[in-house]
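Down below is the structure, laid out as structure tokens.
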Amino acid sequence: MIKVRKHVRRIGRRLRGLERKLLVALLVLFLCVEWGPLNDERSRWGVVSGNPFVREVVLSFDDGPRDKGMPELLAVLRSLDVPGTFFLVGKFAERYGPITKTIDVAGHEIENHSYTHPQLYTLWVEKIMREAERCNEVMDALAIRIPRFLRPPGGGFNLKIFYAMRRMNMRMGLWSVNTADYTGRSAQQITADVLRAARPGSIVLMHSGVPSTVEALPMIVTTLRKRGYRFVTLQDLWNGGAI
Ligand SMILES: [Zn+2]
């Protein structure tokens, strides 16, 4: 340690005024290109909501695919002509391959919700990457477009997850409106909450296989459409300048 410090001091002494400034400038430039404002794509770590001036909303559904409740959910989305964004759990997607394929063929977007649905923030970076990779591999094997967004199970995240996503060239896909539909809330409660909270660029978090969500969707969609909203996938929201 002392040796390293001595070495650094010796280099510092050798670098005089201008050289030192040049080195700092290069370091700042590197950080700007790698992480900051000079690299628009890489500086975008993920998405919580979209452009606040564009009346677009994303309906996202976590934890699928399931054997129960999926046909009903897909049927209501089809009848409303609305694209959903499905954050699927890799091992379920593997188990219910044909259902997964049906979601894809129906024109919905499929994204990554890990392989086994663990609390990702408790894992090491390599394990986090493996969880995300295994889910992506399942989609690849089913000839589905490889997910670009990861939604961490339970919504908990930390720097390890950011780092893992960066290494995989993926982004975090979070939300701005939580319906808490998995807690046994009624369709009326879910509808009222979404209609009260929806703003331009909102990403609504719902879950697959919840009957009250299926029941709530027609009223949510028709009312928001009357207010001038359009329903898009997460990738479309991202392309349109999501923040
Ligand atoms: Zn989940």
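The values are calculated or read from the model by the stated rules, or taken from the named source; none is laboratory data. No experiment lies behind these values; they were computed from the predicted model shown. As a convention, Cβ positions derive from the backbone with ideal geometry for all residues, glycine included, and neighbour counts pool all protein chains shown. Accessible surface areas use protein heavy atoms only, side chains included; no ligands, DNA or RNA. Shrake-Rupley method; radii C 1.70, N 1.55, O 1.52, S 1.80 Å.
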On a 0 to 90° scale, report how tilted helix 187-197 is relative to the longest principal axis of the chain, with both axes built from alpha carbons and the result rounded to the nearest 10.
-> 40 degrees
Relative contact order as a percentage, the chain, C-alpha pairs under 8 Å and 6+ apart, gives 29 percent
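Taking all pairs of different Cα atoms in the range 89-190, averaging 1/r and flipping that mean, what Kirkwood radius in angstroms comes out?
Numbers: mean 1/r = 0.0695 Å⁻¹.
It is 14.4 Å.
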Would you kindly find the accessible area of residue 236, with a 1.4 Å probe and non-protein molecules such as ligands, DNA and RNA excluded, rounding to the nearest 10 Å²?
-> 80 Å²
Long-range amide H partners of residue 144 with built H, under 5 Å = none
Specify the angular offset, from 0 to 90 degrees and rounded to the nearest 10, of the alpha carbon long axis of helix 2-14 from the longest principal axis of the alpha carbons in the chain.
-> 70 degrees
Whole-Å distance, taken between Cα centres, linking the range 87-108 and the range 165-216 | 19 Å
For the range 57-115, what is the accessible area per residue in Å² when the probe is 1.4 Å?
-> 37 Å²
Between residue 140 and residue 180, take the C-beta separation as r, use R0 = 30 Å, and let me know the FRET efficiency to the nearest 0.05.
-> 0.40
If you add up the charges near residue 3, with Lys and Arg at +1 and Asp and Glu at -1, over every other residue whose beta carbon is less than 12 angstrom from its beta carbon, what do you get?
-> +4
Could you calculate the contour length gain from residue 3 to residue 75, that is, 0.36 nm times the residue separation minus the distance between their Cα atoms, to one decimal place in nm?
-> 19.0 nm
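Which value at 222 nm does the chain reach when only helices count, each DSSP H run of 4 or more adding -39,500 (n - 2.57), with the total divided by all residues and rounded to the nearest 500 deg cm²/dmol?
About -15000 deg cm²/dmol.
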Please work out the FRET efficiency for the pair residue 119 and residue 95, using the Cβ-Cβ distance as r and a Förster radius of 22 Å; give the result to the nearest 0.05.
-> 0.55
Lysines whose Cα lies under 19 Å from that of residue 101, excluding same-chain neighbours fewer than 8 positions away | 68, 91
Cα gyration tensor shape of the chain, rounded if a/c is under 1.5, else prolate or oblate by comparing a/b with b/c | prolate
What is the spin-label model distance, in nm, from residue 163 to residue 25 if the labels are put 7 Å beyond Cα along the C-beta direction?
-> 3.2 nm
Would you work out if the range 36-118 is rounded, prolate or oblate? Take a ≥ b ≥ c from the square roots of the eigenvalues of the alpha-carbon gyration tensor; rounded if a/c is under 1.5, else prolate when a/b is larger than b/c, oblate otherwise.
-> oblate
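In whole percent, and with a 1.4 Å probe on the protein chains, what portion of the accessible area of the chain is carbon and sulfur?
In the chain, the share of accessible area belonging to carbon and sulfur is 60 percent.
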Would you please give the residues with an amide H less than 5 Å from that of residue 110, counting only those at least 5 places away or on a separate chain, with H modeled from the backbone geometry?
-> 86
